[in-house]
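Have a look at the structure below, then the notes.
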Amino acid sequence: MDVEKGLIFDIQSHSIHDGPGSRTTLFMSGCRLSCQWCANPESWQPQEKMLFSEMRCVASQGCTRCVENCACQAITIAGGKLMLDNAQCQVCRALTCIDACPSQALKRCGYNYSAEALLQRLQHDRDFWGEEGGVTFSGGDPFVQHRFLENIAHRCREAGIHTAIETTAYVREDIFLSTMRFIDFAFIDVKHLDTHLHRQYTGVDNTLILSNIRALVQQGWTGRLVLRVPMIAGINDTDDNMQALATFMKSAGVYEVNLLPFHRLGESKWQQLGKTYPGQHWQPPTDVELSAFELFFTQQRLACYIGSDTPF
């Protein structure tokens with residue numbers, strides 16, 4: 001794992017929901033969870049990969065350039081339709097087919113950036129942040145590239161850049177606490193309080209995540225922490241789960257939670273990766289149910305924000 005280079009699959013300037021002010025959000029590749037509702041499944045593996053948009057493809061018009069330039073012989077055309085061997089495509093490192101595609105139906109996902117190049121980009125955006133803005137490290141989960149993350153976060157701190165992070169906190173405690181020294185604001189995901197169900201829907205249990213949250217507070221970290229919960233009807237929107245979350249928050253010394261209604265914005269990315277999207281029939285809780293949960297947390301003397309209403 002490199003200290004000076006990081007794999008970034010997207011950079012978004014002028015983000016207003018990822019921390020205080022207007023921000024530049026760096027989406028870092030790699031995640032140790034595999035959430036069935038993930039909006040960025042292209043981020044799971046810390047490697048360059050390919051996305052395929054069938055709508056953009058012009059194979060039906062006779063184009064065969066990707067087939068001719070495929071290093072793995074993983075692309076075929078049948079009946080004017082492009083067919084991919086996704087298992088081969090996702091481990092390919094050449095990705096020569098992408099550069100050959102004239103319609104951008106094949107898209108590269110993930111570029112290596114040096115710490116210096118990212119700092120230059122952040123300094124370029126700095127004039128547009130306002131007084132409260134800065135950089136947000138997102139993903140994926142930035143802690144998969146923890147050596148690079150700590151390096152760039154430290155250098156941002158030295159440059160006077162406000163730092164925020166969106167993370168699952170699923171990482172070894174000493175690594176987590178070491179890097180969080182350079183973070184000013186954090187969204188930490190808590191998908192479910194039931195360990196078995198957390199593993200069922202994300203691929204890992206929640207023990208390390210909850211332990212890291214406790215350790216961060218106990219260490220005396222001076223940043224602001226907001227827990228985030230993706231709310232999915234029939235999965236984690238139960239009274240028992242909300243009660244367990246409130247109990248955990250009070251015992252851990254955390255007092256803010258953001259409930260995010262489920263959405264299907266990542267479904268097209270699953271399709272572009274040749275994956276089956278598990279959440280096609282899932283629904284968010286109703287507005288009435290979300291309002292009831294907001295009232296519940298308020299009565300527990302915990303701040304609760306719905307959707308993008310987190311005050312910064």
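The values are calculated or read from the model by the stated rules, or taken from the named source; none is laboratory data. In this text, all values refer to a predicted model and were calculated from it rather than measured experimentally. Heads up, the Cβs are rebuilt from the backbone with ideal geometry, glycines too, and the neighbour counts pull from every protein chain shown.
Any idea which of (1) within 25 Å of Asn151 (Cα to Cα); (2) not in a strand (DSSP E or B) is the one Gly6 doesn't satisfy?
(2)
Can you name every residue in the stretch 153-196 that is in contact with a Lys or Arg (Cβ under 7 Å, 6 or more places away or on another chain) and among the charged types (D, E, K, R)?
Asp189
Here are some residues: Ile213, Ile209, Ile235. Which one is surrounded by 18 or more Cβ atoms within 10 Å (Cβ to Cβ), of a type in the set (Val, Ile, Thr) and more than 22 Å from Thr136 (Cα to Cα)?
Just a single option satisfies the conditions, and that option is Ile235.
Identify the single condition in (1) surrounded by 14 or more Cβ atoms within 10 Å (Cβ to Cβ); (2) without any contact (Cβ under 8 Å) to a residue 40 or more places away in the chain that Ala94 does not satisfy, given that it satisfies every other one.
Result: Ala94 fails condition (1) only.
Going by the structure shown, is Thr195 among the β-branched types (Val, Ile, Thr), free of Cβ contacts under 8 Å to residues at least 24 places away in the same chain, closer than 29 Å to Arg264 by Cβ and surrounded by fewer than 21 Cβ atoms within 10 Å (Cβ to Cβ)?
When the stated conditions are applied, Thr195 passes them.
What pairs come up if the first residue lies in the stretch 227-252 and is closer than 17 Å to Arg214 by Cβ and touching a residue at least 12 places away in the same chain (Cβ under 8 Å), the second is of a type in the set (Phe, Trp, Tyr) and surrounded by fewer than 19 Cβ atoms within 10 Å (Cβ to Cβ), and their beta carbons are under 8 Å apart, counting only those six or more places apart or on different chains?
Taking only residues 6 or more apart or on different chains, the pairs are Ala246/Phe296; Met249/Tyr255.
Does Ser22 fit the bill of being surrounded by fewer than 21 Cβ atoms within 10 Å (Cβ to Cβ), assigned by TED's automatic domain parsing to the domain that holds Gln272 and closer than 30 Å to Phe187 by Cβ?
So Ser22 passes the test.
Output the number of residues of the stretch 13-35 satisfying the condition of being in contact with a helix residue (DSSP H, G or I) (Cβ under 8 Å, 6 or more places away or on another chain) and part of a loop (DSSP other than H, G, I, E, B).
Number satisfying all stated conditions: 8.
Filter the stretch 282-312 down to the residues that are hydroxyl-bearing (Ser, Thr, Tyr) and modelled with pLDDT of 95 or more, then identify the one that is nearest to Asp18 (Cα to Cα).
It comes out as Tyr305.
I'm trying to understand the selection: among the residues of the stretch 281-308, which are touching a residue at least 40 places away in the same chain (Cβ under 8 Å), part of a loop (DSSP other than H, G, I, E, B) and farther than 13 Å from Asp237 by Cβ?
Gln300, Arg301, Leu302, Gly307, Ser308
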